[in-house]
């Protein structure tokens, strides 16, 4: 053991942050607004009202720096929050690095990922406004599980459209959602016009996150007591996730360190934003100066290869237009195992701070990610979900760079979920069946042709 | 929320217990010794040396009250210990009970159960004595996972015989063990004479825990650098598990309560003993007076319907003879989902304290257990493993009794693992496919006929 710092840096429930942090208040320039999909004018609260309760719409649009977390949300958060910050003593020893590696572990939530940080307040606010049912989509299954758990806490119904390929490959995710009382449909489904059309073309359609969003949105707008819940991308989702970074700041302060580099995996951007934005605040205030870096899959390199354009959040083009880094709303990524990172777009907030040069981005191929995850599991015990294997692989790169430089750098990352329901991906990796995908520029250019030209 | 007690009662790593507790030191009478399977004389250290390192044999036989936990074990424990004690505020509200329900959650370990509490010291002591490989059996997969994790921490090899029915039904358990570097075989296997014989009779043999033990033992004794590791039943295993109860005592003291009733599920007895023995010490010392109750599956009612006799720990009759409550070493329980509770015998220590009237026992059918687990998951979030659903169902019975009596009783139980790798059992339950099994007295009598008469 290199030093006597604890393995787990804990906070008591008394030390739990009681406010979410809105990074917009501290940015040099505001992010571009969402646009109405029909008029291309900035979308107002009324445009979003069929989808979300007013409390969440206000959070989506506010410039307030801090938002109080309601008591009814804090009570449920206490089932797993504050989450532990781990010092990776044993991984450091394995890598023989002078770096100090810290990981904020979100797999302690009942659903096994960071997603309940936002599913709980989303269910809470909907319930408070009389909404009785929420619809949503899920790819890897983490978000659907999180919303099923949250709606159970408030006695609400929950209906989930699970991407067909995932629905077939991961029956246990469906069971987990059903344990919490949710109904789960394979997407595309016979329940929406859009789904029926796709199934008519191809009865074995594998589905995609964009298609599942279209179906869940269509079902929500058709029923006045039903609303829709999104697990990433939007401002209010990233707002809720800032509990991760706020806790991590308090935890690092307890052991007297500040990060030199922060790496987080990015799919829709909520895990990354949740960890990074409170640290970005401290950086902008001059209190610390970490390099902050997004890590995305080489097969879906939204930031590093996509364009910064207005595009739809879903495949059918029903959502507001969002200014974001995108590969095109019709882009369907190769079937990498990190299903939660297979999204054509990126959170407008993360896209904006990346465009402003406040954060960096890299992409990593999945075989390197799984190799890193095996090292991590043997050293630290925890088997990571496929998504945060990207963050781990990046942290290992940083630890090796610190070793080469002979510098005692402090590396912070988020282990946003465990891989207990994703072991088939490890089976595939261990059997040598995993492959990496090159994404030709032509494929991106072709997908971008369908994106409206608004800039 | 009924009161302002925290949801999670935590201990820091500084407060982590540094000694295991040996209940033998405080019992009114000593437990009967194990006997050599050939001579029927008390087994000595030399008889156990082909199976276990001397440090564990000493722990198996010692009458010392406390054993220091080595620093090399405490360091690995810190990956998840001290584990949280939860106050089940939300389950209490759901049940509308005046009872205060506490559960000690062991699912935070990397392998997802209480089993690493003993796999880690077992690997540590073997490694310290130059053993390079451990063999073991696994039924539900929890123990094999725990040993695979532990051996990875000390750079050792690990070979696991997984009961064939479980091997086929739970491919992900095998993958989890392989992630940590273990080799996994279906049992019965072609690798042992006993296994080959059984496969010759029935190529689709479903296996059993007793058979898998026989195979793992046979492989260990055949190689001088290999030893065997057992996940339950023996004194040293229960000794290591007492960290559960020692932590729970400290945690309850923090909130100023003592339990009125303690319920724990019993398969081999290590989770129950680990939780209960430190409380039994306090009870025998007159510091508190909880009712302490074992909860076993109705389909494998070792304590409530078995006989207290000398019997073999395995099916082939290779282990020392143990004085224990047994259904007969040839007894093969019905295929209930709680694979970890499908063992013909019971820890000699738990059997002894039960025989002495120091603890009570009940059995519960599995449909009641899963119904309770669904209530628990929707209230508390965590999806329990099938084994601790028995403890939860018993805790719910106690909470209902407290409500009927109008008494504010304090109930303590152990949630010894999560169910993330056992979701197929919930799928079966939710689909109405789960059944309960009556165990006729004649079936037990028939199995007992093969047990040697030594008393």
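Quick note: the coordinates plus some simple rules give every number you see, no bench work behind them. Treat the numbers as computed from the prediction; the structure is a model and nothing was measured. Heads up, the Cβs are rebuilt from the backbone with ideal geometry, glycines too, and the neighbour counts pull from every protein chain shown.
Report the FRET efficiency, 1/(1 + (r/R0)^6), for residue B:291 and residue B:54, where r is their Cβ-Cβ distance and R0 is 30 Å, rounded to 0.05. List each step's numbers first, then the result.
On the way: r = 39 Å, r/R0 = 1.29.
E(calc), rounded to 0.05, equals 0.20.
Assign one of three labels to chain B, namely rounded, prolate or oblate, based on the Cα gyration tensor with a ≥ b ≥ c the square roots of its eigenvalues; rounded applies when a/c is under 1.5, prolate when it is not and a/b is larger than b/c, and oblate otherwise. Don't jump to the answer; show the numbers that get you there.
Details: a/c = 1.42, a/b = 1.30, b/c = 1.10.
Cα axes put chain B in the rounded bin.
Among A:208, B:119, which comes first, second and so on when ranked by fewest other beta-carbon atoms within 10 Å? Intermediate values should be presented prior to the final figure.
On the way: A:208 27, B:119 30.
The order, fewest Cβ neighbours first, is A:208, B:119.
Defining the label point at 7 Å along Cα→Cβ, can you sort the distances from residue B:255 to the same site in each other copy, shortest first, in nm?
Its label point is 2.8 nm from the equivalent points in the other copies.
Work out the FRET efficiency for residue B:435 and residue A:29 from their Cβ-Cβ distance, taking R0 = 51 Å, and round it to the nearest 0.05. Kindly include the intermediate steps, with their values, before the conclusion.
Details: r = 64 Å, r/R0 = 1.26.
E(calc), rounded to 0.05, equals 0.20.
As a test of the formula, what do you get for the protein assembly as shown when each DSSP H run with n ≥ 4 contributes -39,500 (n - 2.57) and the sum is divided by the residue count, at 222 nm and rounded to the nearest 500 deg cm²/dmol? Walk me through the numbers before you get to the answer.
Details: 36 runs with 369 residues, N = 910.
Helix contribution divided over all residues of the protein assembly as shown: -12000 deg cm²/dmol.
Sort B:22-29, B:256-263, B:411-418 by the packing proxy (mean of other Cβ within 10 Å over each peptide's residues), most packed first. Mind showing how you got there, number by number?
Working: B:22-29: 16.4, B:256-263: 20.1, B:411-418: 28.8.
Result, highest mean first: B:411-418, B:256-263, B:22-29.
Once you have a ≥ b ≥ c as the square roots of the Cα gyration tensor eigenvalues for segment B:354-455, tell me rounded if a/c is under 1.5, and otherwise prolate or oblate according to whether a/b is larger than b/c.
On the way: a/c = 2.15, a/b = 1.31, b/c = 1.64.
Verdict is oblate for segment B:354-455.
Give me the distance between the Cα centres of segment B:175-226 and segment B:309-388, rounded to whole Å.
Cα centres, segment B:175-226 to segment B:309-388: 22 Å.
Taking Cα pairs under 8 Å and at least six residues apart, what relative contact order does chain A come out at, in percent? The partial results should precede the final answer.
Working: 988 pairs, mean separation 85.2, N = 455.
Once divided by the residue count of chain A, the mean separation gives 19 percent.
Rounded to the nearest 0.05, what FRET efficiency is calculated for residue B:14 and residue B:46 with R0 set to 35 Å and r the Cβ-Cβ distance?
Values: r = 41 Å, r/R0 = 1.17.
The formula returns an efficiency of 0.30 here.
Considering Cα pairs under 8 angstrom that are at least six residues apart, work out the relative contact order of segment B:1-88 and quote it in whole percent.
Relative contact order, segment B:1-88: 53 percent.
By its C-alpha gyration tensor, with a ≥ b ≥ c as the square roots of the eigenvalues, how is segment A:8-108 shaped: rounded for a/c under 1.5, else prolate for a/b larger than b/c, else oblate? Present the calculation step by step, with values, prior to reporting the outcome.
Details: a/c = 2.87, a/b = 1.85, b/c = 1.55.
It is prolate, given that a/c is not under 1.5 and a/b is the larger ratio.
Distance in whole Å from the A-onto-B rotation axis to the closest C-beta of chain A, together with the residue it belongs to, please.
That would be A:420, 2, residue then distance in Å.
Can you list, shortest first in nanometers, how far residue A:191 lies from the same residue in the other copies, with each label 7 Å from Cα toward Cβ?
Nearest to farthest, the other copies are at 4.6 nm.
Between the helical axis of A:209-221 and the dominant principal axis of chain A, each derived from Cα atoms, what acute angle in degrees is found, rounded to the nearest 10?
It works out to around 50 degrees.
For residue B:128, place a label point 7 Å from Cα along the Cα-to-Cβ direction in every copy; what are the distances to the other copies, in nm, shortest first?
Taking the point 7 Å beyond Cα along Cα→Cβ, the inter-copy spacings are 5.5 nm.
Need one number: nm distance between label points at residue B:202 and residue B:400, each 7 Å from Cα along Cα→Cβ, rounded to one decimal.
In this crude label model, residue B:202 to residue B:400 measures out at 3.6 nm.
Among A:180, A:143, rank each residue by its count of other Cβ atoms within 10 Å, from fewest to most, as a rough exposure measure. Don't skip to the end; give the middle numbers.
On the way: A:180 24, A:143 29.
In increasing order of surrounding Cβ atoms, one gets A:180, A:143.
Per-residue Cβ counts within 10 Å, from other chains only, averaged over B:172-181: what number is that? Intermediate values should be presented prior to the final figure.
On the way: counts 9, 1, 2, 12, 7, 0, 6, 13, 5, 3.
That average works out to 6.
Could you please rank A:300, B:369, placing first whichever residue has the fewest other Cβ atoms within 10 Å of its Cβ?
Numbers: A:300 25, B:369 31.
By the 10 Å Cβ count, ascending, the order reads A:300, B:369.
Going by Cα centres, segment B:1-65 and segment A:101-137 are how many Å apart?
So the separation of the two Cα centres works out to 41 Å.
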